[in-house]
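I'd like to ask some things about the structure below.
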Amino acid sequence: MAFEGLTERLQNAMKTLRGKGKVSQSDLRATMREIRLALLEADVNFQVVRDFVKTVEERANGAKVLEGLNPSQQIVKIVDEELTKTMGEEAVPLNKAEKIPTIIMMSGLQGAGKTTTAGKLALKLKNEQNARPLLIADDIYRPAAIDQLQTVGQQIDVPVFSLGTDVDPVEIAKRGVEQAKQDHNDYVIIDTAGRLQIDEKLMDELSHIKDAVEPNEILLVIDAMTGQNAVATAEGFNKTLDVTGVVLTKLDGDTRGGAALSIRAVTQKPIKFVGQGEKMSDLDVFYPDRMASRILG
Ligand code: GDP
């Protein structure tokens, strides 16, 4: 289960405060030490942990929480609020073009869940907004990727634009968008190629696609299971592409929590959706406050 270890450790850290009419400075310090270790063990970025602990401690001291009523409850509330803030405070909706189609470009490493998420997102838009999306198969390096997207398209009854593997991806993206304009599709979702790790060629190609079609939304798909690497990957993609949002996948797995808690703070880009399963319906809007509650258990 996701966050299992983190939830347990955070609960234990705060348990010692429970029932105390008054919380001393040393009680608070001991609790904060435990919270810090819990976050580090969950693979949360070091700087994010430091800022988090500092803010919680300052707030606990500043508002005379320690001498007030129910200090432990108030500290739990502060931790909850600061976890929420770390993850971005509010849900951030998809960007939308003034004139259709809204162009969404998916990016990320191979295996992160781009193709699956492209399909999930198309289905979500279809179901919730009655939209008519067009999927574009722009990963020409793995022939299986095109088949995979076509299978997804059939499954959710969404058309897939493909020019096979012999056309330049920039050209495919441009022609796909042209097709969408002709057909009055309201969304275009471009499934781009990934690599096992960030390399210059991949980034150049993504930059060129970006320049050619000027997406309204560049979603970076990140595998939540990859912890600190997820954050490094996010920084790399964001530096080149200036992404507009993040999708965190595989939150149904036993991720420790590091990616969910670090990505927003490190990249300053909102997590917009979370993938919570392999089925096409397993994509949810990311609500930082609900995620904080889930982490606290
Ligand atoms: P891509 O290479 O980035 O296009 O990744 P794929 O879309 O092919 O996904 C790689 C694997 O991850 C596939 O087996 C997907 O079913 C799986 N996957 C994607 N998103 C999720 C998710 O949210 N939860 C789970 N459990 N698996 C996922």
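How big is the gap, in Å, between the Cα center of segment 1-49 and the Cα center of segment 209-246?
Between the Cα centre of segment 1-49 and that of segment 209-246, the gap is 31 Å.
With a 10 Å Cβ neighbour count serving as the proxy for reagent exposure, in which order, fewest first, do VAL246, VAL23 appear?
So the residues, fewest neighbours to most, are VAL23, VAL246.
Tell me the volume per residue, in Å³, of the convex hull enclosing the alpha carbons of segment 4-87.
80
Give the Debye-formula value of log10 I(q)/I(0) at each listed q (0.23 Å⁻¹), with one equal scatterer per alpha carbon of segment 147-255, two decimals each.
-1.41
Separate question: For segment 246-297, run through the trypsin sites (Lys or Arg not before Pro) and keep only the ones in DSSP coil with at most 16 other Cβ atoms within 10 Å of their Cβ.
Sparse-neighbourhood loop trypsin sites (Lys or Arg not before Pro): LYS279.
Hey, another quick one. Between segment 164-191 and segment 130-146, what's the alpha-carbon centroid distance in Å?
9
Moving to a separate point now. Working from the alpha-carbon coordinates of segment 60-182, get Rg over Rh, Rh being the Kirkwood radius.
For segment 60-182, the value is 1.25.
Mind checking which lysines have their Cα closer than 29 Å to the Cα of LYS22? Skip sequence neighbours fewer than 8 apart in that chain.
Answer for LYS22, where 29 Å is the Cα cut-off: LYS54, LYS64, LYS77, LYS85, listed by chain and number.
Please report the antiparallel percentage of DSSP beta bridges with both residues in the chain, rounded to the nearest 5.
Expressed as a percentage, antiparallel bridges in the chain total about 10.
Which of TYR287, TYR141 has the fewest other C-beta atoms within 10 Å, and how do the rest follow up to the most?
The fewest-first ordering by Cβ neighbours comes to TYR141, TYR287.
Arrange SER26, SER207 by Cβ neighbour counts within 10 Å, fewest through most, would you?
Sorted ascending by nearby Cβ count, the order is SER26, SER207.
Only loop residues by DSSP count here, and only those with at most 12 other Cβ atoms within 10 Å; note down the GluC sites (Glu not before Pro) in segment 144-212 that meet that.
none
A further question on this structure: Jot down the per residue volume, in cubic angstrom and as a whole number, of the convex hull over the alpha-carbon atoms of the chain.
Convex hull of Cα atoms, per residue: 123 Å³.
Taken together, the values in this text are just the output of simple stated rules run on the coordinates, not laboratory data. Quick caveat, the model's predicted, so the values are computed rather than measured. Cβ: placed from backbone, ideal geometry, glycine included. Neighbour counts: every protein chain shown.
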